[in-house]
Amino acid sequence: MRVIVAASGGVAALKTPSLLRRLAGAGHEVRAAATDDALHFVTKLSLAVAAGGEVFDRAAWFRPDGEARHLSWARWADVLVVAPATADALSSAATARADDVISALIVAGTPRVVWVPAMNTAMWHHPLVQENVRTLRAVGHHVLEPADGLLAAKGEGSGVGRMPEPEEIALHLAGLLGPRDLAGRRVLVSAGPTREPLDPVRYLSNPSSGKMGFAVAEAARDRGAGVTLVTGPVTLADPVGIATVRVERAEEMLAALSAHFDATDLVVMSAAVADWQAAEIASEKKAKGGERQTLELVRTPDILLTLAPRKRQQVVVGFAMETHQGVERAADKARRKQLDFILLNYPTREGSAFGGDDNQVTFVTPEGRVDELPRMSKRAVAEQILDRALGIWASRAEHAE
Ligand code: CTP
């Protein structure tokens, strides 16, 4: 793949050479471009060294032989990756201004464009910036969501707006530029916690962030699948290009998954479904009363167990959180719930905690075969799940012959 990586003017431009090196290392042909402002944050020389060639900036726009770089590079490239992308770069492209190297490359017809925004949280959430993002997505550009983390500008603290690390960007690009090996497949994913009300103002739930399930849904989308995501209450926004259904209770999650189950090829049940619900939901807020309270709870429906008898072509994947006897307990769950495999993790271990960006999982089959993976990003775990589902389909096809 021929990739132009273009930096606009943000502190994160420091990371652009590292992204170039990663993409070159993954076998892509790379070139670097930079706006005037980007060159306040990263030197032209470090971009040139990382790309292994001349940098396209304002000074190198027109060559003495008459070549116009925005035109020749737009023809050369398969994809333009703008990293970091400032609010200004998004705006310039959304209005086809073409007075900087990035919007000029886009208007000149670069076939695919991927944006990696990096800016202050308030700027990212501003309706005008979001309007520009919608405009760009509407013409087929891919705009990544910024990461949540430490922001560079003085006094800004943490928030959404940080540029994802080059490793994470490279992984997204691999998904985008890589094989569309799930084209034609239907994938159904559950994510997040469920919330079981006790009365109008109280509920039982757990700290699941939904990140694992969202990562699976996005990875499947990027590999060409048609994806439905059923999620409990989480703070994550609906991912672009994914039919997202929001539910609260386990019963609602069961109903939503059941409606899609039969037509699905792969079901990934990553939701942390509450096991218990109130025997009776009080219609009015209960006053706190004395020093002790007894709650009567009844089981929520077991979603995987309920759907298991309807399993036909579906590959079904579950998750098991254990604190002890992990493999035996996970394999037992996989057998009881008729899963093709289950991902075991230990929420008490570092790197697997609720809400993190990473996960450390062990794949366990119903027969007790075990494959322990190192700690990796949830997106990388998601790709592993999809690879394994493809492996199962391939071996089924072999046996059918
Ligand atoms: N699950 C489900 N319906 C429920 C509860 C869990 O479908 N009511 C799914 C989860 O999404 C997960 C798998 O089942 O994929 C986890 O199995 P489960 O036996 O519920 O795990 P634990 O809650 O850890 O079970 P236990 O408390 O029995 O160890």
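The values are calculated or read from the model by the stated rules, or taken from the named source; none is laboratory data. Because the structure is a prediction, the values reported are computed rather than measured. Here the Cβ positions follow ideal geometry from the backbone for every residue, glycine too, while neighbour counts run over all protein chains shown. For the accessible areas, the whole protein counts, side chains as well, though only heavy atoms, and no ligand, DNA or RNA atoms are used. Shrake-Rupley method; radii C 1.70, N 1.55, O 1.52, S 1.80 Å.
In contact with a Ser or Thr (Cβ under 8 Å, 6 or more places away or on another chain), modelled with pLDDT under 90 and of a type in the set (A, V, I, L, M), is that true of residue 151?
It is true that residue 151 is in contact with a Ser or Thr (Cβ under 8 Å, 6 or more places away or on another chain), modelled with pLDDT under 90 and of a type in the set (A, V, I, L, M).
Does region 373-400 hold any residues that are among the charged types (D, E, K, R) and at pLDDT below 95, and which are they?
Listed by number, the residues that qualify are 375, 378, 379, 383, 396, 398.
Search region 266-309 for residues being polar (S, T, N, Q) and crowded, with 17+ Cβ neighbours inside 10 Å, and hand back the single one that is nearest to the ligand (Cβ to nearest atom).
300
For region 318-338: of the residues being open to solvent by less than 40 Å² (accessible area, probe 1.4 Å) and more than 8 Å from the ligand (Cβ to nearest atom), which is nearest to residue 257 (Cα to Cα)?
334
Every residue, every condition in (1) under 20 Å from residue 164 (Cα atoms); (2) in contact with a helix residue (DSSP H, G or I) (Cβ under 6 Å, 6 or more places away or on another chain), yes or no:
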site	(1), (2)
98	no, yes
104	no, yes
108	no, yes
126	yes, no
130	yes, no
136	yes, yes
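Restricted to region 255-265, and to residues that are open to solvent by 30 Å² or more (accessible area, probe 1.4 Å) and among the hydrophobic types (A, V, I, L, M, F, W, C), which residue is nearest to the ligand (Cβ to nearest atom)?
Filtering region 255-265 for residues that are open to solvent by 30 Å² or more (accessible area, probe 1.4 Å) and among the hydrophobic types (A, V, I, L, M, F, W, C), the one nearest to the ligand (Cβ to nearest atom) comes out as 255.
Return the pair list, or none, for Cβ contacts closer than 9 Å from residues in region 123-137 that are assigned by TED's automatic domain parsing to the domain that holds residue 103 to residues that are open to solvent by 60 Å² or more (accessible area, probe 1.4 Å) and assigned to a helix (DSSP H, G or I), at least 6 apart or on different chains.
Listed by first residue and then by second, the contacts come to 129/123.
For a quick check of your reading: which helices (runs of 4 or more DSSP H) sit entirely within region 87-179 and have at least 1 residues that are more than 19 Å from the chain's Cα centre (by Cα)? Break it down stepwise before answering.
Numbers: elements: 87-94, 101-107, 121-125, 127-138, 166-177.
Result: 87-94, 101-107, 121-125, 127-138.
Out of all the residues in region 349-358, is one or more of a type in the set (A, V, I, L, M), within 16 Å of the ligand (Cβ to nearest atom) and open to solvent by less than 20 Å² (accessible area, probe 1.4 Å)?
First pass over region 349-358, keeping only residues of a type in the set (A, V, I, L, M): 353.
This time we only want the ones that are within 16 Å of the ligand (Cβ to nearest atom), so: 353.
Cutting the leftovers down to open to solvent by less than 20 Å² (accessible area, probe 1.4 Å) gives us none.
No, because not a single residue in region 349-358 is of a type in the set (A, V, I, L, M), within 16 Å of the ligand (Cβ to nearest atom) and open to solvent by less than 20 Å² (accessible area, probe 1.4 Å).
What are the residues in region 14-60 that are at pLDDT 95 or above, of a type in the set (A, V, I, L, M, F, W, C) and part of a loop (DSSP other than H, G, I, E, B), if any?
Passing the criteria: 41, 42, 55.
Tell me which strands (runs of 3 or more DSSP E) are completely within region 185-229 and hold 2 or more residues being open to solvent by 10 Å² or more (accessible area, probe 1.4 Å) and within 16 Å of the ligand (Cβ to nearest atom), or say none if there are none.
Values: elements: 186-191, 196-199, 202-204.
Once the strands (runs of 3 or more DSSP E) in region 185-229 are filtered for at least 2 residues that are open to solvent by 10 Å² or more (accessible area, probe 1.4 Å) and within 16 Å of the ligand (Cβ to nearest atom), what remains is 202-204.
What pairs come out if I take residues in region 39-56 that are assigned by TED's automatic domain parsing to the domain that holds residue 84 and pair them with residues that are crowded, with 18+ Cβ neighbours inside 10 Å and of a type in the set (Asp, Glu) whose C-beta lies under 7 Å away, six or more apart or interchain?
39/57; 44/57
Just one of 338, 325 is at positive phi, without any contact (Cβ under 8 Å) to a residue 40 or more places away in the chain and touching a helix residue (DSSP H, G or I) at 6+ places or on another chain (Cβ under 9 Å); which is it? Outline the logic, then answer.
Values: 325 fails: touching a helix residue (DSSP H, G or I) at 6+ places or on another chain (Cβ under 9 Å).
After ruling out the rest, the residue left standing is 338.
Only one of these conditions is not met by residue 30: (1) open to solvent by less than 60 Å² (accessible area, probe 1.4 Å); (2) free of Cβ contacts under 8 Å to residues at least 60 places away in the same chain; (3) over 15 Å from residue 114 (Cβ atoms). Which number is it?
(3)
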